[in-house]
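Only one structure is covered here, and it is reproduced in the block below.
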Amino acid sequence: MSNGLLASAERYSPTTGKWSSAGSLAVARRDAMAALLQDGRALVAGGDGYSAFNSAEIFSPATNGWSSAGSMTVAHALATATRLNDGRVLIAGDSYRGDVYSPSTGTWSATGYMVYSDLQETAAALLGDGRVLLTGGYNNTCDPTGEYCGPNLTNGAEIYSPS
């Protein structure tokens with residue numbers, strides 16, 4: 001471990017109630033997002049070290065190994081990962097736009113601009129109609145004098161509609 005960054009991964013077995021090694025990611029990261037893909041693999045995206053990452057990796061339980069999932073169009077940390085009804089994954093937060101990963105093509109595409117940009121630690125929920133509700137969060141801003149910099153909380157919400 002170095003500065004809170006870990007490359008190691010573990011997986012939990014609800015059957016045995018125990019943890020086991022899941023190998024190591026290629027990039028040590030913290031504050032990353034993760035989503036279960038429809039085929040049982042797991043996508044881990046973004047996170048940060050001293051700045052946010054745009055890289056992503058996929059864990060395969062069959063091989064207990066990791067492979068590259070390419071790069072998002074923008075870097076994200078402290079954001080959300082939501083699997084959409086069609087199997088794609090939306091990464092949203094900590095940027096002015098989101099990213100969508102397509103497991104079938106292995107590619108990333110940018111979403112449109114978000115209403116509330118640069119929000120971290122938002123909450124996301126997949127709605128019954130396939131849209132995604134994003135709500136809450138904060139961004140770090142300074143007052144006009146620069147004397148106080150800290151979290152600026154929001155009670156805003158927005159909806160992402162997959163195309």
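Report, by residue number, each residue of the range 42-63 that is β-branched (V, I, T) and surrounded by 16 or more Cβ atoms within 10 Å (Cβ to Cβ). Before the answer, list the steps.
Let us first name the residues in the range 42-63 that are β-branched (V, I, T), namely 44, 58, 63.
Residues satisfying the conditions are V44, I58.
Can you pull out the residues in the range 85-102 that are assigned to a loop (DSSP other than H, G, I, E, B) and either in contact with a His (Cβ under 7 Å, 6 or more places away or on another chain) or crowded, with 19+ Cβ neighbours inside 10 Å (or both)? Lay out the reasoning, then the answer.
First pass over the range 85-102, keeping only residues assigned to a loop (DSSP other than H, G, I, E, B): 85-88, 93-96.
Correct list: R88, G93, D94, S95.
Would you say G40 is in a loop (DSSP other than H, G, I, E, B) and at positive phi?
Numbers: in a loop (DSSP other than H, G, I, E, B): yes; at positive phi: yes.
Yes.
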Spot the failing condition for L5; the list is (1) surrounded by 17 or more Cβ atoms within 10 Å (Cβ to Cβ); (2) of a type outside the set (S, T, N, Q); (3) more than 21 Å from T122 (Cβ to Cβ), and only one is missed.
(1)
Within the range 43-67, which residues are in a strand (DSSP E or B) and of a type in the set (G, A, S)?
A45, A52, S55, A56, S60, G65, S67
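Report, by residue number, each residue of the range 119-163 that is assigned to a strand (DSSP E or B), at pLDDT 75 or above and either over 27 Å from V100 (Cβ atoms) or among the charged types (D, E, K, R) (or both).
Listed by number, the list holds a single entry, E158.
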Enumeration of residues in the range 8-32 that are more than 20 Å from G65 (Cβ to Cβ) and either in contact with a Leu (Cβ under 9 Å, 6 or more places away or on another chain) or surrounded by 11 or more Cβ atoms within 10 Å (Cβ to Cβ) (or both):
R30, D31
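Conditions tested, residue by residue: (1) more than 16 Å from the chain's Cα centre (by Cα); (2) farther than 26 Å from T105 by Cα.
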{"residue": "Y12", "(1), (2)": "yes, yes"}
{"residue": "K18", "(1), (2)": "yes, yes"}
{"residue": "G40", "(1), (2)": "yes, no"}
{"residue": "V44", "(1), (2)": "no, no"}
{"residue": "Y50", "(1), (2)": "yes, yes"}
If you check every pair at least six apart or on different chains, which have Cβ atoms under 9 Å apart with a residue in the range 123-136 that is on the phi > 0 side of the Ramachandran plot first and a residue that is part of a strand (DSSP E or B) and surrounded by fewer than 16 Cβ atoms within 10 Å (Cβ to Cβ) second?
G136/A123; G136/L153; G136/A157
Odd one out for G70, checked against (1) in a strand (DSSP E or B); (2) farther than 16 Å from S104 by Cβ:
(2)
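Have a look at A62, A52, A56, A28 and point out the one that is modelled with pLDDT under 95 and more than 17 Å from S8 (Cβ to Cβ).
On the way: A62 fails: modelled with pLDDT under 95; A56 fails: modelled with pLDDT under 95; A28 fails: more than 17 Å from S8 (Cβ to Cβ).
Just a single option satisfies the conditions, and that option is A52.
The values are calculated or read from the model by the stated rules, or taken from the named source; none is laboratory data. All figures in this text were calculated on a predicted structure; none of them were measured in a lab. Positions of Cβ are backbone-derived with ideal geometry, glycine not excepted, and every protein chain shown enters the neighbour counts.
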